[in-house]
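Notes follow once the structure below has been shown.
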Amino acid sequence: MKSPRTLAVALLALTSLACQSTVTASGTETERINAFFEEVFAENLARNPMRMSSMGMDDRNGEWSDFSDAEQDIKLRIQVENLEHMRESFDFDALDTDAQLSYRLFEYNAERAIEGDRWRHHSYPVHQMWGGHTAGPNLLLNVHKVTNLQQAEAYVQRLEGLGVLLEQVMENLRIREAKGVLPPRFVFPFVIQDCKNMIAGAPFDESSSRASVLMNDFTTKVMAVEGLSPETREELFVRSREAMVNVIGPAYRKMIALLESHQELASDENGVWKLEDGAEYYQYALRRNTTTQMDADTIHKLGLSEVDRIHGEMNAIRESVGYAGDLQQFFEHLRTDPAYYYENTDEGKADYLAEATALVDHMRTQLPGMFHTMPQAQMEVRAVEPYREQSAGKAFYNSGAVDFSRPGVYYANLFDMGDMPKYQMEALAYHEGIPGHHMQISIAQELKDVPRFRKFGGFTAYSEGWGLYSEWLPKEMGLYEDPYSDFGRLAMELWRACRLVVDTGIHEKRWTREEAIDYLMVNTPNPEGDCRKAIERYIVMPGQATAYKIGMIRILELRQFSQVELGADFNEGKFHDVVLLSGPVPLEVLEERVRAWVSLSRMLAE
């Protein structure tokens, strides 16, 4: 049963949705609470210089964020105080519709953070997907601009301060070691190699004729700045070299030694069931990632059902292309036939990037009519950088700067082209690029009169559900004309359905790593390397992988509900506006908004 507050918000949303825009703050209480939200966001942002840089702000781009446990204590205290202040100081019923939604989302986020603090030390500070060991260099290489002397000096200041950040990460590792929380053994070679990659080349290794990743990046950026005197450039290079040799090199060598000692202590037990209160922690992870109350067993059974359904649709395509063998044999054919892959050469990788870019560019031309709102932000397709491609995931998206000074980026991991089949390219480009993550995230960032915590917040089931919906939608638009590309779309949906099975299998049912890999090998056409890397990801990020399919299913259910209820009056562009124009929301809130829009649309049509 829904609470009175939930019902009130759903009913009040009818008025908001009638004009398809955010209600302008007109009441004193709304103005006050919006000012409070902005103050809180600004204060939180000030504690996070790295996020400031990611958002395109230069205010503190010579500083690092604080990764220490003490800082987490402070953030928790602030979160509790802000939640109490909001509840005590603002009258929910006196707020306008959109401010009420902001109130609920602020409350939801705070309660989720407070609940999650119990599990702070159940997470792994570093693993093969991401972590504090690469967070600093990633920011310098991919975010930190150098277009003038001040930005160049800020880069040097960050080099000089990177040792403190790495020491904080090491302290977090030691805290977890004392609590018996260590990543599985397989993680350590990846992480250790990433650390070694950061200090490979000059000036870390004076015998090397190749510049290190950081030195090459800094040199390239500084040399491109116009107006710097030779003396100024030389001073910058001297300072950067000293920071690398005296601060960064020693810090990474210390971290490598710590990781090697932890590797000796680690086990091959992969699920979080091995941790203290691990079963309870996993249920929390599922709630947090799916924004539902679904338990592990329900999710596991849903996954098995979806796998069976998708296999049926795949068999229909297999028969249509005239393949005589069964589905398992077709999977093996797709894994092993070189015709389905670009060559694992520089030319093959360049061809992949060119084709992925062409797919995104073509999709842009197809969107009018399907979408009423388009983002201003631009996006690019890039290969994952060599220093992290061996450990990074298959593909991911990084949002652009809010001032449009840096585009959004769809990263494709081209380390092994055998893991990037041609027939999946189309769906992958739609998911990471347009109309997927780039469109959803950029539209949210560009919303007007919406508190910034909503524009830059996130809910995995919403954003990844939208990404997977964005793979499905082009089928409705008449794309995937090649049956193999349509099979690739199904293969990617199947991949997410299998995630429901293997994630719960690993963390709830105590499957081994090899059992989970075998399940993907039997039930999907993906190459072994892809299957292995995927399972290793799900092991270190419990529950996250379940959000995709659950979010997609909910969006499709709401779309189908809207179509049935509205009939000929259903409009895809308006439906997409309802989904996108409030920014990220939990699935329950998304359902309220869609149902309110349908009710209003029916009312207006009568």
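The values are calculated or read from the model by the stated rules, or taken from the named source; none is laboratory data. Source: prediction; values computed, not measured. Positions of Cβ are backbone-derived with ideal geometry, glycine not excepted, and every protein chain shown enters the neighbour counts.
Determine which member of the set Lys301, Lys274 is of a type in the set (Lys, Arg), free of Cβ contacts under 8 Å to residues at least 12 places away in the same chain, surrounded by 14 or more Cβ atoms within 10 Å (Cβ to Cβ) and not assigned by TED's automatic domain parsing to the domain that holds Val187.
On the way: Lys301 fails: surrounded by 14 or more Cβ atoms within 10 Å (Cβ to Cβ).
Being of a type in the set (Lys, Arg), free of Cβ contacts under 8 Å to residues at least 12 places away in the same chain, surrounded by 14 or more Cβ atoms within 10 Å (Cβ to Cβ) and not assigned by TED's automatic domain parsing to the domain that holds Val187 holds for just one of Lys301, Lys274, which is Lys274.
Do we have any residue at all in the range 501-514 that's crowded, with 24+ Cβ neighbours inside 10 Å and of a type in the set (Asp, Glu)? Walk me through how you get there before you give the answer.
Restricting attention to the range 501-514, the residues satisfying the condition of being crowded, with 24+ Cβ neighbours inside 10 Å are 501-504, 506-507.
Subsequent filtering for residues that are of a type in the set (Asp, Glu) retains 503.
Looking through the range 501-514, at least one residue is crowded, with 24+ Cβ neighbours inside 10 Å and of a type in the set (Asp, Glu).
Only one of Tyr342, Tyr352 is aromatic (Phe, Trp, Tyr) and either at pLDDT below 95 or not in a helix (DSSP H, G or I) (or both); which?
Details: Tyr352 fails: either at pLDDT below 95 or not in a helix (DSSP H, G or I) (or both).
Among Tyr342, Tyr352, only Tyr342 is aromatic (Phe, Trp, Tyr) and either at pLDDT below 95 or not in a helix (DSSP H, G or I) (or both).
Residues to consider are Met363, Met370, Met379; find the one that is in contact (Cβ under 8 Å) with a residue 40 or more places away in the chain, over 19 Å from Ala491 (Cα atoms) and in contact with a strand residue (DSSP E or B) (Cβ under 7 Å, 6 or more places away or on another chain). Explain how you work it out, then say what you get.
On the way: Met363 fails: in contact with a strand residue (DSSP E or B) (Cβ under 7 Å, 6 or more places away or on another chain); Met370 fails: in contact with a strand residue (DSSP E or B) (Cβ under 7 Å, 6 or more places away or on another chain).
Step by step, each of Met363, Met370, Met379 is checked, and only Met379 is in contact (Cβ under 8 Å) with a residue 40 or more places away in the chain, over 19 Å from Ala491 (Cα atoms) and in contact with a strand residue (DSSP E or B) (Cβ under 7 Å, 6 or more places away or on another chain).
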- Message: Among the residues of the range 567-578, are any touching a residue at least 40 places away in the same chain (Cβ under 8 Å), outside the structural domain of Arg309 (by TED's automatic domain parsing), aliphatic (A, V, I, L, M) and within 30 Å of Ser599 (Cβ to Cβ)?
- Response: yes
- Note on the structure: Asn246 fails exactly one of (1) surrounded by fewer than 17 Cβ atoms within 10 Å (Cβ to Cβ); (2) at positive phi, namely (2)
- In the range 282-298, residues that are surrounded by 12 or more Cβ atoms within 10 Å (Cβ to Cβ) and in a helix (DSSP H, G or I) total 11
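Condition test on Ala516, is it modelled with pLDDT under 95 and either among the hydrophobic types (A, V, I, L, M, F, W, C) or in contact with a strand residue (DSSP E or B) (Cβ under 6 Å, 6 or more places away or on another chain) (or both)?
Values: modelled with pLDDT under 95: no; either among the hydrophobic types (A, V, I, L, M, F, W, C) or in contact with a strand residue (DSSP E or B) (Cβ under 6 Å, 6 or more places away or on another chain) (or both): yes.
Judged against the criteria, Ala516 is not a match.
I'm trying to understand the selection: among the residues of the range 544-573, which are in a helix (DSSP H, G or I) and surrounded by fewer than 17 Cβ atoms within 10 Å (Cβ to Cβ)? Show your work before the answer.
Applying the first criterion (in a helix (DSSP H, G or I)) to the range 544-573 yields 544-569, 572-573.
Of everything in the range 544-573, those that are in a helix (DSSP H, G or I) and surrounded by fewer than 17 Cβ atoms within 10 Å (Cβ to Cβ) turn out to be Leu556, Glu557, Gln560, Phe561, Gln563, Val564, Glu565, Gly567, Ala568, Asp569, Gly573.
For the range 207-242, what are the residues that are closer than 23 Å to Gln193 by Cβ and either in contact (Cβ under 8 Å) with a residue 40 or more places away in the chain or among the hydroxyl-bearing types (Ser, Thr, Tyr) (or both)? So that I can check it myself, show each step before the final result.
Kept after step one, since they are closer than 23 Å to Gln193 by Cβ, are these residues of the range 207-242: 207-218.
Scanning the range 207-242 gives Ser207, Ser208, Ser209, Ser212, Val213, Leu214, Asp217, Phe218.
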- Arg499, sole failed condition from (1) under 25 Å from Asn44 (Cβ atoms); (2) of a type outside the set (Val, Ile, Thr); (3) assigned to a helix (DSSP H, G or I): (1)
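Quick test for you: out of Val384, Val360, Val321, pick the one residue that is at pLDDT 95 or above, assigned by TED's automatic domain parsing to the domain that holds Met417, buried (at least 16 other Cβ atoms within 10 Å of the Cβ) and not acidic (Asp, Glu).
Every option except Val360 fails the conditions.
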- Query: If you take the residues of the range 338-349 that are surrounded by fewer than 17 Cβ atoms within 10 Å (Cβ to Cβ) and touching a Leu at 6+ places or on another chain (Cβ under 9 Å), which of them is nearest to Asp419 (Cα to Cα)?
  - Reply: Asn344
- Output the number of the condition that Tyr323 fails; it satisfies all remaining conditions of (1) of a type outside the set (Val, Ile, Thr); (2) outside any helix (DSSP H, G or I); (3) in contact (Cβ under 8 Å) with a residue 60 or more places away in the chain; (4) farther than 30 Å from His127 by Cα. (3)
- Query: What are the residue pairs meeting all of these: first residue in the range 141-152, first residue assigned by TED's automatic domain parsing to the domain that holds Ser212, second residue surrounded by 15 or more Cβ atoms within 10 Å (Cβ to Cβ) and in a loop (DSSP other than H, G, I, E, B), Cβ atoms under 6 Å, and 6 or more apart or on different chains?
  - Reply: Gln151/Lys145; Ala152/Val146
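Does the range 326-336 contain any residue that is in contact with a His (Cβ under 7 Å, 6 or more places away or on another chain), more than 30 Å from Ile175 (Cβ to Cβ) and modelled with pLDDT of 95 or more? Break it down into steps so the answer makes sense when it comes.
First pass over the range 326-336, keeping only residues in contact with a His (Cβ under 7 Å, 6 or more places away or on another chain): 327.
Adding the requirement that they be more than 30 Å from Ile175 (Cβ to Cβ) leaves 327.
Applying the additional criterion that residues be modelled with pLDDT of 95 or more yields 327.
The answer is yes, given that some residue of the range 326-336 is in contact with a His (Cβ under 7 Å, 6 or more places away or on another chain), more than 30 Å from Ile175 (Cβ to Cβ) and modelled with pLDDT of 95 or more.
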- Test result for Ile443, in a helix (DSSP H, G or I) and within 22 Å of Glu572 (Cβ to Cβ): yes
- Item | Search result, residues across the range 408-422 that are part of a loop (DSSP other than H, G, I, E, B) and in contact (Cβ under 8 Å) with a residue 60 or more places away in the chain | Leu414, Asp416, Met420, Pro421
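Test Leu468 against the criterion of being of a type outside the set (D, E, K, R), modelled with pLDDT of 95 or more and more than 24 Å from Met374 (Cα to Cα), and give yes or no. Working first, answer last.
Working: of a type outside the set (D, E, K, R): yes; modelled with pLDDT of 95 or more: yes; more than 24 Å from Met374 (Cα to Cα): no.
Answer is no for this residue.
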- Message: Exactly one condition in (1) outside the structural domain of Tyr341 (by TED's automatic domain parsing); (2) within 18 Å of the chain's Cα centre (by Cα) is false for Gly543; which is it?
- Response: (1)
- Query: What's the number of the condition Val181 fails, among (1) in contact (Cβ under 8 Å) with a residue 60 or more places away in the chain; (2) within 18 Å of Gly136 (Cα to Cα); (3) outside any helix (DSSP H, G or I); (4) not hydroxyl-bearing (Ser, Thr, Tyr)?
  - Reply: (2)
- Item | Number of the condition not met by Ser582 [criteria: (1) at pLDDT 95 or above; (2) surrounded by 17 or more Cβ atoms within 10 Å (Cβ to Cβ)] | (1)
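Can you go through Asp58, Asp73 and tell me which one is closer than 30 Å to Asn138 by Cα, out of contact with any strand residue (DSSP E or B) (no Cβ under 9 Å at 6 or more places or on another chain), surrounded by fewer than 17 Cβ atoms within 10 Å (Cβ to Cβ) and modelled with pLDDT under 95? Walk me through it before giving the result.
On the way: Asp73 fails: modelled with pLDDT under 95.
So the residue among Asp58, Asp73 that is closer than 30 Å to Asn138 by Cα, out of contact with any strand residue (DSSP E or B) (no Cβ under 9 Å at 6 or more places or on another chain), surrounded by fewer than 17 Cβ atoms within 10 Å (Cβ to Cβ) and modelled with pLDDT under 95 is Asp58.
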- For the range 143-154, does any single residue satisfy the condition of being charged (D, E, K, R) and closer than 30 Å to Leu265 by Cβ? no
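Quick check, is Arg593 outside the structural domain of Lys455 (by TED's automatic domain parsing), out of contact with any Phe, Trp or Tyr (no Cβ under 9 Å at 6 or more places or on another chain), among the charged types (D, E, K, R) and at pLDDT 95 or above? Full working, then the answer.
Numbers: outside the structural domain of Lys455 (by TED's automatic domain parsing): yes; out of contact with any Phe, Trp or Tyr (no Cβ under 9 Å at 6 or more places or on another chain): yes; among the charged types (D, E, K, R): yes; at pLDDT 95 or above: yes.
When the stated conditions are applied, Arg593 passes them.
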- Message: Any residue that is on the phi < 0 side of the Ramachandran plot, part of a helix (DSSP H, G or I) and over 15 Å from the mean Cα position of the chain (by Cα) - is there at least one of those in the range 397-407?
- Response: no
